[in-house]
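The values are calculated or read from the model by the stated rules, or taken from the named source; none is laboratory data. Keep in mind the model is a prediction, meaning the values are calculated, not measured. Cβ sites come from the backbone with ideal geometry, for glycine too, and all protein chains shown count toward neighbours. Accessible surface is based on the protein model in full, side chains and every heavy atom, while ligands, DNA and RNA are left aside. Shrake-Rupley method; radii C 1.70, N 1.55, O 1.52, S 1.80 Å.
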Amino acid sequence: MIRTGRIIPAARKESITLAAEVIRKGGLVAFPTETVYGLGCDALNPEAVARVFEAKQRPSFDPLIVHVAEKAALDGLTQTISLSDHRLMERFWPGPLTLLLPKRARVPDLVTAGLPTIAVRMPSHPVAQELIREAAVPIAAPSANPFGYVSPTCAQHVADGLGERVDLILDGGPCQLGVESTIASMIGSRPELLRPGSITLEEISKVVGPVVRARESLTMAVPGRLARHYATHTPLTILTGHTVRSVRPLGERAGLLAMTAPRHGDQRYCAIEVLSPSGDLREAAQHLFAALRRLDAQGFDRLYAEPCDERGLGMAIMDRLRRCAEPLT
Ligand code: TXA
Ligand code: MG
């Protein structure tokens, strides 16, 4: 395999042709989706899937999401699909919604970490769509970052984290949404939200009725839901209520992740990243991971993050910040 970690422009037709060939031959291609960049391989090739785990240094008990370009591709991957799942696909596909469905035996166990369910989604990004169609196989793809670190939202993030462990990086510019897909399951007795994302709990409820937010203790341990995940190297503290911008110990070199533009320049921080000057949650989500990476690269003693209202997309933003803020255990 090529194994160059080379970044090539996704806009060129030859790039997609080459990337599809790499996938078909069992290689690894990082590609843009509307959420974050994925590290893709042929989902039905167990050796290729094993290379993804190795490249990310991801524990094998953490299952992957399989990406398809059309609903017909589900026939080869899943068993019966419930009415609620069909409705959700109708409403949100292609787009940032991953669904857990009962899997077929031909899907390698490594993909699903031995679980009876497979996580599938149909990305809306044109490059992702083209790549899947051209490769003519379902593409298994976790986020293209070393296990546990912040997800990549541009091609350079992928190169920084995985370098030559990936054969090819398709550069499709920055990701539009910026947080990973919403994961939902219609398998239990009630619709469950496993990971909040751009498609909100409220939106899903409108289609399938009340949705419960899966509680860590009640369901199996899914690493995307492990405490410290999506984490910066620099310890991060979420500011709360009245302590906002006032808790920093003297002498500490700190950076601030601000949701909106600070009203006064804040001299106590060495650097401030503003997620959305106007307080728009979509814009904040889009910039979240790149801002965290920039702050993390500066070697500060600590990062502080302002919280946002936990409704709608705010639930996904706070979920990622909390996981980043957990102490290492
Ligand atoms: O937006 C996204 O979903 C991105 C892009 C590349 O599509 N992908 C992504 O993949 O975030 P990853 O591997 O970083 O996160 C997938 C999450 C993991 O937390 C994994 O444990 C969970 O999905 N997952 C996968 N299969 C599952 C299953 N059968 N049951 C429960 N959770 C599952
Ligand atoms: Mg990930």
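Figures for the structure shown
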{"read-out": "Carbon + sulfur, % of accessible area of the range 248-329 - ligands and nucleic acids excluded, 1.4 Å", "value": "50 percent"}
{"read-out": "For a label point 7 Å along the Cα-to-beta-carbon line of Glu90, residues of the range 167-207 with backbone N under 12 Å", "value": "207"}
{"read-out": "Portion, in percent, of the accessible area of the range 1-41 that falls on carbon or sulfur, probe 1.4 Å", "value": "55 percent"}
{"read-out": "Of all accessible heavy-atom area on the range 57-168, the percent that carbon and sulfur account for (1.4 Å)", "value": "52 percent"}
{"read-out": "List His125, His233, His67, His86, ordered by accessible area with a 1.4 Å probe, largest first", "value": "His233, His86, His125, His67"}
{"read-out": "Crossing angle, helix 83-92 versus the chain [Cα axis fit, 0-90 degrees, rounded to tens]", "value": "60 degrees"}
{"read-out": "Ellipticity estimate at 222 nm from DSSP helix runs (n ≥ 4, -39,500 (n - 2.57)) divided over the chain, nearest 500", "value": "-8000 deg cm²/dmol"}
{"read-out": "For the range 119-129, Karplus couplings with θ = phi - 60° (6.51, -1.76, 1.60), whole Hz, Gly/Pro x", "value": "8, 10, 8, 10, x, 8, 4, x, 5, 4, 4"}
{"read-out": "Computed accessible area, Glu14, all protein chains, 1.4 angstrom probe, square angstrom", "value": "120 Å²"}
{"read-out": "Reciprocal mean inverse distance between Cα atoms of the range 30-96 - Kirkwood radius, Å", "value": "13.8 Å"}
{"read-out": "DSSP bridge orientation in the chain - percent antiparallel, rounded to nearest 5", "value": "35 percent"}
{"read-out": "Between 0 and 90°, nearest 10: helix 314-325 axis offset from the chain longest Cα axis", "value": "80 degrees"}
{"read-out": "Set of aspartates and glutamates near Lys103 by C-alpha distance (under 13 Å), chain-local residues within fewer than 8 positions excluded", "value": "Asp75"}
{"read-out": "Charge dipole (debye, nearest 20) of the chain; +1 at Cβ of Lys and Arg, -1 at Cβ of Asp and Glu", "value": "320 debye"}
{"read-out": "Accessible area (Å², per residue) of the range 117-182, counting only protein heavy atoms and a probe of 1.4 Å", "value": "28 Å²"}
{"read-out": "Degrees separating the helix 46-56 axis from the principal Cα axis of the chain, which is the longest one", "value": "10 degrees"}
